[in-house]
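This report concerns only the one structure given below.
Every number here is computed from the coordinates shown, using simple stated rules; none is lab data. These figures come from a predicted structure and were not determined experimentally. All Cβ positions, even for glycine, are placed from backbone atoms using ideal geometry, and neighbour counts span all protein chains on display.
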Amino acid sequence: MNINDLVRENIQKLSPYSTARDEFKGQASVFLDANENSFGSPLPADYNRYPDPLQLDLKEAIGRIKGVPIENTFLGNGSDEAIDLLYRAFCNPGRDNVILVPPTYGMYEVSANINDVAVRKVSLLPDFQLDLNGIAESIDANTKLIFVCSPNNPTGNSINRQDIETLLTNFKGLVVIDEAYINFSRQHTFIRELTEYANLVILQTFSKAWGLAALRLGMAFASSQIIDVLNKIKPPYNINQATQDLALEALKNVDQVNDWIKQTVAQRNALSDALTTLPLVKQVYPSDANFILVEVTDPGRIYDRLVDDGIIVRDRSKVTLCEGCLRITVGTPKENELLLERLKNY
Ligand SMILES: *Cc1c(COP(=O)(O)O)cnc(C)c1O
């Protein structure tokens, strides 16, 4: 499978923007090449200088934790940037299409619409697993991407590994596996399959388990051909210096993050059990993520009462296959206790 055949022709032919940092790499004492403020920055760090466009130090540090080489790593301004760039690199506006498997993360569809890429929806089955036959029937010569979110937002379940491998083997476009919630899952990441499938893209993020949603830092792992294309079309300095510095600091606290993951999983399981016993709860779906999908008797009223009590959950009751459901993020023990206390009184 030649990935470059999948890339839009204008992107194949593109000469990318060449930054001052691209044209001279290395040590020097006087930098007069980028029209920066030579006197300095009002902040203590070297913020007067443009950041490393390829974020090599940060990628190396991430690589030490994830086991992925730099050439297979892309960093974006959130996963959302990687999603957008995948559309822009591989999908011709007005001609190509992608397959989405709702209910799933809303950004895949919004990004497709922004890029004028047709969306073919193949709903998950009632058990929230892939409808492989339906997907096979929807694929045509212009289908370039399939997005699979696992663990899936908003349903919380992991997608069967075997089914994803079937897609990877048979689909002639890219299979994008969004692993935003992988740290909370019993399933393991697809990172180890990167060498096996040239058409595999894995998305991960610093926004969830890592507790850095405000920094906007997302990761894409893929074959070097795919990563090269994303690097070619990204905004030159897409990850700012403050984010690079802070993320490098955060990576030193992996033990703290792992401890939070353990606590979140324990709280998730306890909260699921407790919710099951409430009369207003009709069904608690099993979760591999840091949230729980809960079917309740009267979602609109319960949502409003929670808002009145200062507790905000997500109303997903109008979403196909999630009828009557609220999506509840796992909180601290105290927050979960408060939530349960209030729900008992409605
Ligand atoms: C939260 C979330 C993300 C994270 O997006 P960022 O842009 O990295 O904050 C990605 N995918 C899914 C499915 C999510 O729920």
In whole percent, what relative contact order does region 255-344 give with Cα contacts below 8 Å and a gap of six or more residues? 28 percent
Relative to the longest principal Cα axis of the chain, at what angle does helix 56-66 sit, 0 to 90 degrees, rounded to 10? 40 degrees
Hey, how many Å between the Cα centroid of region 40-83 and the Cα centroid of region 104-126? 28 Å
Please give the calculated 222 nm ellipticity per residue for the chain, where each DSSP H segment of at least 4 residues contributes -39500 (n - 2.57) and the sum is spread over every residue; nearest 500 deg cm²/dmol? -10500 deg cm²/dmol
Return the long-range amide H neighbours of Cys149 (sequence gap of 5 or more, or a different chain), with a cut-off of under 5 Å between placed amide H atoms. Asp178
Could you tell me what percent of the DSSP beta bridges with both partners in the chain are antiparallel, to the nearest 5? 55 percent
Output ³J(HN,Hα) for region 193-204: one whole-Hz value per residue in order, computed from phi by the Karplus curve 6.51 cos²θ - 1.76 cosθ + 1.60 with θ = phi - 60°, and x for Gly and Pro. 8, 4, 6, 8, 10, 5, 9, 8, 10, 10, 9, 10
Fewest first, what order do Thr143, Thr166, Thr320 take by the number of other Cβ atoms within 10 Å? Thr320, Thr166, Thr143
Any idea what angle helix 224-233 forms with the longest principal axis of the chain, computed on alpha-carbon atoms, 0 to 90 degrees, nearest 10? 80 degrees
³J(HN,Hα) across region 270-275 via Karplus (A = 6.51, B = -1.76, C = 1.60, θ = phi - 60°), whole Hz, x for Gly/Pro? 5, 5, 4, 4, 5, 4
Report the local net charge at Leu251: Lys and Arg +1, Asp and Glu -1, summed over other residues whose C-beta lies under 13 Å from its C-beta. -1
What is the dipole size for the chain, taken about its Cα centre, with +1 at each Lys and Arg Cβ and -1 at each Asp and Glu Cβ, in debye to the nearest 20? 220 debye
Would you grab the residues whose amide H sits under 5 Å from the one on Gly76? Only those 5+ places off in sequence or on another chain, please, with H modelled 1.01 Å from N. Gly218, Met219, Ala220
Relative to the Cα centre, what is the charge dipole magnitude of region 255-344, using +1 at the beta carbon of each Lys and Arg, -1 at the beta carbon of each Asp and Glu, and rounding to the nearest 20 debye? 180 debye
Helix 299-308: inclination vs the chain longest Cα principal axis, degrees, rounded to 10, gives 70 degrees
Of the residues Lys121, Lys66, Lys334, which exhibits the maximal mean-square fluctuation in a Gaussian network model of the chain defined by a 10 Å Cα contact cut-off? Lys334
Give the long-range amide H neighbours of Tyr105: residues separated by 5 or more places, or on another chain, with amide H under 5 Å away, using H modelled in the peptide plane at 1.01 Å from N. Asn153
If you take the charge dipole of the chain about its Cα centre, with +1 on Lys and Arg Cβ and -1 on Asp and Glu Cβ, which of Leu340, Val175, Leu194 is farthest toward its positive end? Leu340
Within a Cβ distance under 12 Å of Ala274, other residues only, what is the Lys/Arg minus Asp/Glu net charge? -1
Run the numbers on the chain and let me know its relative contact order in percent, using alpha-carbon pairs under 8 Å that are six or more apart. 17 percent
Rounded to whole Hz, the Karplus (6.51, -1.76, 1.60) HN-Hα couplings of region 333-346, x for glycine and proline: x, 5, 5, 5, 4, 4, 4, 5, 4, 5, 4, 5, 8, 7
Cα-Cα over 29 Å, subset of Lys121/Lys172; Lys172/Lys318; Lys262/Lys318; Lys208/Lys318; Lys172/Lys234; Lys262/Lys344: Lys172/Lys318; Lys262/Lys318
Local charge sum around Ala136 (other residues, Cβ-Cβ under 15 Å, Lys/Arg +1, Asp/Glu -1)? -2
Please check: in the Gaussian network model of the chain (C-alpha springs, under 10 Å), which one of Ile70, Ile202, Ile312 has the largest mean-square fluctuation. Ile312
